[in-house]
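Peer 1: I'd like to ask you about the structure that follows.
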Amino acid sequence: MAKILIVEDDISINELMKRNLSLIGHECKSIFDGQVALTAITQENFDLIILDVMLPGCSGFEIVKHIKAIPVMFVTAKDSLQDKLQGLSSGAEDYLVKPFEILELIARVNIILRRNNKNDDFILGLVRVNFKCRKVFFNDIEIEMTPQEYMLLEVLITNRNIAMSREKLLELAWGFDYEGDTRTVDVHIQKLRKKLSLEEQIKTVYKLGYRLED
């Protein structure tokens, strides 16, 4: 997966991002000071930098001026239109305002990585998913998937190792305007388990929903 630098001086928020991004397989490094971040950027290779704006030592807007060829995502409490425009016009690929939902952060991170060709394939045992082509293979044989089965599988992969409620799976895989009930999630989970032999990997979370274990 990707190597991500998290530059955030709030220890609890930094740890929250690091813990959840590490949970889904990314390698994360936490830094709490702008000047220290500048040094790390020159000494190490990163696939993505998550950057606060208000930092001790050096602001995020100053730091981004020194970043070349590494995608940047601002995560900050500065929510004015002027700040957002400044962040995006500086070359950042995304601008997320605090407070945020961790699932939204994960989704945005994966979009950026996919856009920069860092996250095209996911492999779990004999299962391989190519996100760019939206194709699924089992033991190198392509498996026919309905669009809805693929969407559910992608949501589970994106949020792997995280317990997802049936309601949240409906929201993310079917959309806000879906009028069906949560039983359709159970039906599609059973189809995924059978088609891809994921009976052991897709766990049922009692009274909640499901979790894909990697």
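Peer 1: Could you tell me how many of the residues in the stretch 169-214 are over 21 Å from the mean Cα position of the chain (by Cα) and of a type outside the set (Val, Ile, Thr)?
Peer 2: 22
Peer 1: For residues in the stretch 14-56 being touching a residue at least 24 places away in the same chain (Cβ under 8 Å) and acidic (Asp, Glu), which is surrounded by the most Cβ atoms within 10 Å (Cβ to Cβ)?
Peer 2: Asp52
Peer 1: Give, as residue ranges, the helices (runs of 4 or more DSSP H) completely inside the stretch 81-163 that count at least 3 residues that are closer than 19 Å to Leu16 by Cα.
Peer 2: Result: 102-115.
Peer 1: Could I ask something else about it? Within the bounds of the stretch 45-68, is there any residue that is in a helix (DSSP H, G or I), in contact with an Asp or Glu (Cβ under 9 Å, 6 or more places away or on another chain) and not aromatic (Phe, Trp, Tyr)?
Peer 2: Checking the stretch 45-68: at least one residue is in a helix (DSSP H, G or I), in contact with an Asp or Glu (Cβ under 9 Å, 6 or more places away or on another chain) and not aromatic (Phe, Trp, Tyr).
Peer 1: Still on this model: Go through the residues of the stretch 58-68 one by one and say whether even a single one is charged (D, E, K, R), at pLDDT below 95 and under 20 Å from Cys28 (Cα atoms).
Peer 2: Checked the stretch 58-68: at least one residue is charged (D, E, K, R), at pLDDT below 95 and under 20 Å from Cys28 (Cα atoms).
Peer 1: Still on this structure, please answer the following. Give the stretch 157-185 a look and list any residue that's charged (D, E, K, R) and surrounded by 14 or more Cβ atoms within 10 Å (Cβ to Cβ), or say none.
Peer 2: Passing the criteria: Arg160, Arg166, Lys168, Glu171.
Peer 1: Which condition from (1) over 14 Å from the mean Cα position of the chain (by Cα); (2) modelled with pLDDT under 90; (3) of a type in the set (Asp, Glu) is the one that Glu149 breaks?
Peer 2: All conditions pass for Glu149, except number (2).
Peer 1: Still on this structure, please answer the following. For Thr184, indicate whether it is of a type in the set (Ser, Thr, Tyr), part of a strand (DSSP E or B) and more than 16 Å from Ala107 (Cβ to Cβ).
Peer 2: The answer is no for Thr184.
Peer 1: Right, another one. Hey, among the residues in the stretch 88-117 that are over 26 Å from Arg160 (Cα atoms), touching a helix residue (DSSP H, G or I) at 6+ places or on another chain (Cβ under 7 Å) and not aliphatic (A, V, I, L, M), which one's surrounded by the fewest Cβ atoms within 10 Å (Cβ to Cβ)?
Peer 2: Within the stretch 88-117, the match that is surrounded by the fewest Cβ atoms within 10 Å (Cβ to Cβ) is Gly91.
Peer 1: (1) out of contact with any helix residue (DSSP H, G or I) (no Cβ under 7 Å at 6 or more places or on another chain); (2) surrounded by 13 or more Cβ atoms within 10 Å (Cβ to Cβ); (3) among the small types (Gly, Ala, Ser): which one isn't true of Ala69, the others all being true?
Peer 2: Answer for Ala69: the failing condition is (2).
The values are calculated or read from the model by the stated rules, or taken from the named source; none is laboratory data. Just so it is clear, the model here is predicted, and its values are computed rather than measured. Neighbour counts are summed over all protein chains in view; Cβ atoms, including those assigned to glycine, are modelled from backbone coordinates with ideal geometry.
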